[in-house]
1. Run a plain Debye calculation on the chain (Cα atoms as equal point scatterers, no solvent) and give log10 I(q)/I(0) at q = 0.25, 0.26 Å⁻¹, rounded to two decimals, same order as the q list.
2. Please compute the net charge surrounding R37, taking Lys and Arg as +1 and Asp and Glu as -1 over other residues with Cβ under 10 Å from its Cβ.
3. What is the local net charge at I46, summed over the other residues whose Cβ is closer than 12 Å to its Cβ (Lys, Arg +1; Asp, Glu -1)?
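Any read-out appearing in this document is the output of simple, stated calculations on the displayed coordinates, not a laboratory observation. Remember, it's a predicted structure, so these values are computed and weren't measured experimentally. Cβ: placed from backbone, ideal geometry, glycine included. Neighbour counts: every protein chain shown.
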Amino acid sequence: MREIFLTNGGVTLLDEEDFQYLLRWPWRHNTRGYATRSKCHDGQRIHIAMHNVIAQRMKLIVSADCTID
């Protein structure tokens, strides 16, 4: 397990494969306790949760009722 230190003082644990990929961006701890990053898309700031990035990399699709298809 590896640690990514979040820009606002948090820390998250990741396996080596995810660590190397996610280290590309600065991550922060949001008010709900999730590790997130932001990017600008069509003039709007969007927030991206780290767990969603990991799920996409694993080719998992999470439905609205939080079950994995």
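1. Each listed q corresponds, in turn, to -1.21, -1.24.
2. Value of the local net charge: +3.
3. +2
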